[in-house]
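Report on one structure; see the data block that follows.
The values are calculated or read from the model by the stated rules, or taken from the named source; none is laboratory data. Remember, it's a predicted structure, so these values are computed and weren't measured experimentally. Please note: Cβ atoms are built from the backbone with ideal geometry, for glycine as well, and neighbour counts cover all protein chains shown. Just the protein is used for accessible areas: all its heavy atoms, side chains included, with ligands, DNA and RNA removed. Shrake-Rupley method; radii C 1.70, N 1.55, O 1.52, S 1.80 Å.
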Amino acid sequence: MKENKVRKRAVKVEHLFAAAVLAAVILPGFASKGGLELAELSNGDSFSYRGLDWQDKKKDVEEKLGLEFDQPVMNSGYGTKIYQNEDGMELFEMTGTEYYKFDTAGLENVEVIFAAEDGIQDLGEFEQRISSGLTELYGDPEYTLEREALYPVVSENMVKFRKSCWKAEAGEGLGDALYLQADMDEGSAVKYVRLMVERTAPEISENELEDLDITGFKDGDIYKFNNLEWGSSPAQVEEQTGIKFENPGIGVHDPENGNGIYFRARIVNYFGFKGAETYDFMRGGLREVVIGFGTEDGTLDITELETKLLGELEKMYGKADKKLEALGKESDSFRKRRNYIWEGAKQSGIQNSFGIDVYSDKDDKTVQMRLLISNYAIEEIPEPDVTSTAIRITDLKKDDSYTYRGIEWGCTPEELEDLLGIKLREPDDFGEPVNKDAQTPVQYSEVRRVELLGMLGMEYYSFLDNKLFEAGIVFDNRGGDNLRNYEDLIIQMLENTYEEGEGKKESEIESGDGKTTIVQYKWNGKAEEGYINSLFVVCYRNKFGTTEKVQLAVCRQPVDKK
């Protein structure tokens, strides 16, 4: 067995024996033919990928590996780009797809995803072969967790996962991590295997912990984090807090535009529980601080922490202005979600708030919690009182016909402005001038914020020949959350109210981030005078099964087009 500085502990005899049996009897050899070798995941001192350096730029990776990347499959507003190696990578006679993730500082992680052929094959032996090889090379994993997924992973039918992690120190306070993850269906068959190497943030020792001070979350009528001024630069925050925002390769960064998210910038203590602080900057100014508690595998019971923290916050700031609750599927490990929201003073173009997101398991134990102090710009979108713009499921139907808030179909934009009491902005640009003779639709997006079932979305109205024919709400995951639970909640409530609709249809389209799955639910009203009013819920899921956008729409169309 080769000596390797990455090994963090001696390999146990039973693991070596099991690996030897697996290698000699079941699956011969640990090296792939002309592809990836597991030993290439280390440079001897820390984890890496095929000899790459973590500060390598895209062109460096292309030169070192002889690759030529096409357009990125993902390009975020924070300077993060993900490129796909379309030639694939072979490991143990299986071919997977490589994804290289870069931020403005260089290479951030590399992931190889292997998929079962035709969705029938079980990759369980393949996963175990990799696991045994990694254990022989690098020792026992830091941890292995197996649980039901909070959200579907990779595809809709994957409901469980098993994940192992190996860690290594990389010097200068940094660490590297190697992950092996198996995504499983309801029958526990492994359908996807993911192998990922990444640079990680440093672990903080216990004696470096600072106590979390919750007394400084409000200045007058504005919520802040320990009196930090919103809009402060990273340098100003460093000076005031003593934190050093180092290692720009950690997290998401776009320093050229002043954008950056610094994960795990500091570890704090509250009632004996550790929390990790994250700082979010936009255009050079601080806009959000998040403190997260709990563990990734959801095994740490922090119910006591929730009770104590909520009690202390209510003593200082009063009861939350809002409490929202959502219920996940029976298979979800994080069964329930609660949101407590304290709203700051109304400011022009700014949404200021303090909140707690709480996740509980099926036994009602609190397993994860986030404190969020935010001061987001809302780009001058009108922010009316939420209660006046809340919409109920029952507002979507009148008599036997679907409607939107009772607004008459066929009204003009001017009549809609009078009805809503607001001024519509310029309509969306569809790339060509409006031609009323050709009946080109005109859509007014982001008209105002509305709330449905505890979620805020943006209202839109569409006109054809200057007459209203469609209206609805768009909910997106700009905050990064998976909207799958919200999708399920809307469908459940609609079916409870209006019974089952016309069924569910799925289709796929190619997008810049890979394939997008579109899931459409539909309810038809009663046809009248050659027209029918329909209710739609359209959900957009990325290649990993994450619901990124939910659109609720009510429209009026000719019967022959329904």
Only unsatisfied item for Glu136, checking (1) modelled with pLDDT of 90 or more; (2) assigned to a loop (DSSP other than H, G, I, E, B), is (2)
Name the single residue that is least open to solvent (accessible area, probe 1.4 Å) among those in region 509-554 being over 19 Å from the mean Cα position of the chain (by Cα) and charged (D, E, K, R).
Lys522
With the first residue restricted to region 362-374 and required to be touching a residue at least 12 places away in the same chain (Cβ under 8 Å) and in a loop (DSSP other than H, G, I, E, B), and the second required to be open to solvent by less than 70 Å² (accessible area, probe 1.4 Å) and among the polar types (S, T, N, Q), Cβ contacts under 7 Å at 6 or more apart or on different chains are Lys365/Thr303
Boolean, Leu180 is open to solvent by less than 30 Å² (accessible area, probe 1.4 Å), modelled with pLDDT of 90 or more and within 26 Å of Tyr359 (Cα to Cα)
yes
Which members of region 525-537 meet the condition of being in contact with a Leu (Cβ under 8 Å, 6 or more places away or on another chain) and part of a strand (DSSP E or B)?
Leu535, Phe536, Val537
Does Arg287 meet the test of being open to solvent by 30 Å² or more (accessible area, probe 1.4 Å), at pLDDT 85 or above, in a strand (DSSP E or B) and in contact with a strand residue (DSSP E or B) (Cβ under 8 Å, 6 or more places away or on another chain)?
yes
Name every residue in region 352-380 that is within 18 Å of Asp280 (Cα to Cα), open to solvent by 20 Å² or more (accessible area, probe 1.4 Å) and modelled with pLDDT under 75, in order of residue number.
Tyr376, Ala377, Glu379
Quick one: in region 280-294, of everything that is out of contact with any Leu (no Cβ under 9 Å at 6 or more places or on another chain) and touching a residue at least 60 places away in the same chain (Cβ under 8 Å), which residue is nearest to Tyr270 (Cα to Cα)?
Arg287
Do the conditions hold for Glu414, that is, is it at negative phi, modelled with pLDDT of 80 or more and loosely packed, with under 13 Cβ neighbours inside 10 Å?
yes
Name the single residue, out of those in region 183-195 being surrounded by fewer than 21 Cβ atoms within 10 Å (Cβ to Cβ) and not charged (D, E, K, R), that is modelled with the lowest pLDDT.
Gly187
Is it the case that some residue within region 149-160 is at pLDDT 85 or above and open to solvent by 30 Å² or more (accessible area, probe 1.4 Å)?
no
The condition of being more than 15 Å from Ala177 (Cα to Cα), modelled with pLDDT of 90 or more and either surrounded by 15 or more Cβ atoms within 10 Å (Cβ to Cβ) or touching a Leu at 6+ places or on another chain (Cβ under 6 Å) (or both) holds, among Leu65, Leu27, only for Leu65
Count - residues of region 495-552 that are touching a residue at least 60 places away in the same chain (Cβ under 8 Å) and closer than 30 Å to Tyr100 by Cα
13
Is it the case that region 460-471 has a residue that's under 22 Å from the mean Cα position of the chain (by Cα), at pLDDT 80 or above and not small (Gly, Ala, Ser)?
no
Report, by residue number, each residue of region 31-56 that is at pLDDT 80 or above and acidic (Asp, Glu).
Glu37, Glu40, Asp53, Asp56
Test: residue in region 100-113 that is small (Gly, Ala, Ser) and modelled with pLDDT under 90
yes
Scan region 475-487 and give yes if some residue there is open to solvent by 70 Å² or more (accessible area, probe 1.4 Å), modelled with pLDDT under 80 and not in a helix (DSSP H, G or I), otherwise no.
yes
Determine the pairs where a residue that is in contact (Cβ under 8 Å) with a residue 60 or more places away in the chain, located within region 226-241, has a partner that is in a loop (DSSP other than H, G, I, E, B) and surrounded by 15 or more Cβ atoms within 10 Å (Cβ to Cβ) with Cβ atoms under 7 Å apart, the partner being 6 or more residues away or on another chain.
Trp230/Lys224
